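The values are calculated or read from the model by the stated rules, or taken from the named source; none is laboratory data. As the structure is a computational prediction, the values presented were derived from the model and not from experiment. Every residue, glycine among them, receives a Cβ derived from its backbone with ideal geometry; neighbour counts consider all protein chains shown. The area values use the complete protein model at the heavy-atom level, side chains included, leaving out ligands, DNA and RNA. Shrake-Rupley method; radii C 1.70, N 1.55, O 1.52, S 1.80 Å.
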Protein chains: 2
Amino acid sequence: MDAIDNLVTLLSRLPGIGKKSAQRLAYHILEAPRSYSSALAGSLSTLHDSIKRCSVCGGFTETDPCPICTDPSRDASLLCVVERSQDVRVIEDAREYRGMFHVLGGLIAPLDGIGPDDLTIGALLARLRNDRVRELILALNPTVEGDTTSLYIQNLLKDTALSVTRLASGLPVGGDLEYADRLTLARSFRGRVPMHR
Amino acid sequence: MDAIDNLVTLLSRLPGIGKKSAQRLAYHILEAPRSYSSALAGSLSTLHDSIKRCSVCGGFTETDPCPICTDPSRDASLLCVVERSQDVRVIEDAREYRGMFHVLGGLIAPLDGIGPDDLTIGALLARLRNDRVRELILALNPTVEGDTTSLYIQNLLKDTALSVTRLASGLPVGGDLEYADRLTLARSFRGRVPMHR
């Protein structure tokens, strides 16, 4: 296997990149200036050393705790629960929400063998006991797994004084939070509704 | 700019990868085992050292001349002209053609400022004078630029005894050779037609 085949094989493991796309990318990189492939190689080789998980919220960060968790201007009475670290970025880009975050690291999915213990729900409960959170906003994808996880967390908290809300369904059902546009996402924050107990 | 932003910026320079896709890829790489990003970084950093252009055909290769140009079992009386090195791979995968190749390095595109002198047409004419080529097969994309370039080369050779053919239009007009399926491409080789003078 030559160097191009090797790169094609590696690129085709990325999500949404098939063999033809991987070939196109590999040849593009080969024809681009050498400085581009060097920069990309450098970025990839230092990535895992530069980025760790925040010990408070569980999101990816270069400093621990992360800049969001240590920002005194943010509203510590609001805690937004998301599936993955990239959802924090998407919500930050929408510039509607100014509270704190908690990254679950996944969703409950019995068919994939993912239960509550595989997520950071224990850490979430510990934060809720210690922090001065008044409202928990569940910002999970509007899918079966997302709804299951939201209901599970709501159930755990039903005997507390905490207000538990979830994002309004401005998001298309069955869609992916990552691809929502800024305005739809902002509206779903504003229109968030209490979960019925 | 943090390490993730840096990677996102680099990835979004790739063809067909927008900002959202680049973010998705970056987080996928971050969540994948560290061995994957190391392998990808290694592959990228050695790519330009491993791969050079063949001094005969102009295609990308690890050895110079390339394995195709030095393969004695191939028919040296057939020479297939392609735009880019990846087209050689596509045609090889179709397993219909067993002659030699010549990579032009582009197509004539006056609007982009690309003229005949920017391509390897001089080297092609030199090969035709020295080699025992009987048939020149023009395998360029069926686009305006591809047709222009085919006609230009045909014109240069109209006073020679060389047979000049082009691939049959089994390929959809306006399409891209890179995305043709194996059977369509094989049929277009078999049905290649002489260019009228």
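Condition check: crowded, with 16+ Cβ neighbours inside 10 Å, at the interface with another protein chain (Cβ under 7 Å from one of its Cβ atoms) and not hydroxyl-bearing (Ser, Thr, Tyr). Does B:LEU47 satisfy that? Yes. Of everything in the range A:94-114, what is surrounded by fewer than 18 Cβ atoms within 10 Å (Cβ to Cβ) and out of contact with any Leu (no Cβ under 8 Å at 6 or more places or on another chain)? Give them in sequence order. Scanning the range A:94-114 gives A:ARG95, A:ALA109, A:PRO110, A:LEU111, A:ASP112, A:GLY113.
Residues in the range B:21-44 that are more than 7 Å from every other protein chain (Cβ to nearest Cβ) and surrounded by fewer than 14 Cβ atoms within 10 Å (Cβ to Cβ): 3 in all. Scanning the range B:115-143 for residues that are exposed (fewer than 13 other Cβ atoms within 10 Å of the Cβ) and either outside the structural domain of B:VAL88 (by TED's automatic domain parsing) or charged (D, E, K, R) (or both) yields a total of 3. Considering only the range B:1-20, how many residues are among the small types (Gly, Ala, Ser), more than 7 Å from chain A (Cβ to nearest Cβ) and part of a helix (DSSP H, G or I)? Summing the residues that are among the small types (Gly, Ala, Ser), more than 7 Å from chain A (Cβ to nearest Cβ) and part of a helix (DSSP H, G or I) in the range B:1-20 gives 0.
If you go through the range B:56-68 one residue at a time, do you hit one that is within 19 Å of B:ARG127 (Cβ to Cβ), part of a loop (DSSP other than H, G, I, E, B), of a type in the set (Gly, Ala, Ser) and open to solvent by less than 50 Å² (accessible area, probe 1.4 Å)? Scanning the range B:56-68, I find at least one residue that is within 19 Å of B:ARG127 (Cβ to Cβ), part of a loop (DSSP other than H, G, I, E, B), of a type in the set (Gly, Ala, Ser) and open to solvent by less than 50 Å² (accessible area, probe 1.4 Å), so the answer is yes.
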